[in-house]
Each structure stands twice: as structure tokens, then as C-alpha cells.
Amino acid sequence: MGNVIPFPANKEIALYEFVVHNSITTVCGKDPWNLIAEPYLEQGQDGEEYRKTVEHLGQLGFEPSEVEAIRKKVGPSLIAYNAFFWEWYMLDPIFESQVEANLRWELEALNQSPTES
């Protein structure tokens with residue numbers, strides 16, 4: 001399995017020329033980051049959705065334990081980002097208290113595997 005390297009979109013032509021000039025093999029496929037971050041960016045996942053996501057990540061070379069380890073590491077940052085974004089977006093005092101409650105719930109949920117629910 002190769003490396004995934006993020007690259008600025010405005011430099012796409014330069015990247016393409018570099019790849020061609022250096023005979024670098026490219027592959028197309030789904031970005032695993034969206035699948036890894038899915039539980040924190042969606043409204044929620046049921047057991048079947050969770051299983052399908054982990055299965056798809058397995059097809060991309062990720063072991064279930066690796067997925068859990070990555071999610072546990074990045075989860076608090078993604079939750080904080082989402083809370084900040086929606087608080088900033090709404091700027092609503094009633095909504096703010098709901099964001100705080102949701103943030104507490106999400107952080108507590110990090111300590112429980114989705115398959116244990």
C-alpha cells in the first residue's frame with residue numbers, strides 16, 4: 001500500500017507534471033479519511049453502518065483495531081471542531097447550551113466502542 005499525500009488543489013498541474021516526469025504510479029479510490037472521520041461528522045451511525053464503514057476501510061488496508069485507534073486519537077479534535085463550527089455558525093445562546101451538552105455526550109461516547117451500544 002502506498003502513501004496518501006495531501007496536495008493543494010491550486011498546484012494540481014505542477015503535481016501532475018511531477019508525477020509524469022518521475023513515472024510515479026497513481027491510483028484512484030475513496031479517501032479513507034472521510035470513512036475514518038464519519039462517526040464524528042454524521043448525525044450518528046447504527047451498528048450496520050459502522051460495520052460497513054469498518055469493512056470498507058478493511059478493503060483499503062486498515063485493520064479494525066487500527067481504525068479504532070485512529071478514531072480515538074482524532075475524535076476529540078473532530079468533536080471540538082464541529083462544536084466550534086456550529087456554535088460560530090449559529091451564534092445562538094440556546095443552541096450553545098445544546099452544543100455543550102452534545103460535546104460532553106460525544107466525549108463520553110469516545111470511551112465506548114460503537115459495537116458495545
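The values are calculated or read from the model by the stated rules, or taken from the named source; none is laboratory data. These figures come from a predicted structure and were not determined experimentally. Cβ sites come from the backbone with ideal geometry, for glycine too, and all protein chains shown count toward neighbours.
Just one of the listed residues (98, 43) is surrounded by 10 or more Cβ atoms within 10 Å (Cβ to Cβ) and modelled with pLDDT under 70, namely 98. With the requirement that a residue be exposed (fewer than 14 other Cβ atoms within 10 Å of the Cβ) and in contact (Cβ under 8 Å) with a residue 60 or more places away in the chain, what does segment 48-81 give you? Answer for segment 48-81, where residues must be exposed (fewer than 14 other Cβ atoms within 10 Å of the Cβ) and in contact (Cβ under 8 Å) with a residue 60 or more places away in the chain: just 61. Of all residues in segment 52-86, those being of a type in the set (A, V, I, L, M) and closer than 13 Å to residue 34 by Cα number 7.
In segment 1-39, of all residues being at pLDDT below 80 and either surrounded by 10 or more Cβ atoms within 10 Å (Cβ to Cβ) or aliphatic (A, V, I, L, M) (or both), the one that is nearest to the chain's Cα centre (by Cα) corresponds to 31. Look at segment 11-25: where a residue is part of a loop (DSSP other than H, G, I, E, B) and a partner is aromatic (Phe, Trp, Tyr), sitting 6+ places away or on another chain with Cβ atoms under 8 Å, you get 24/18.
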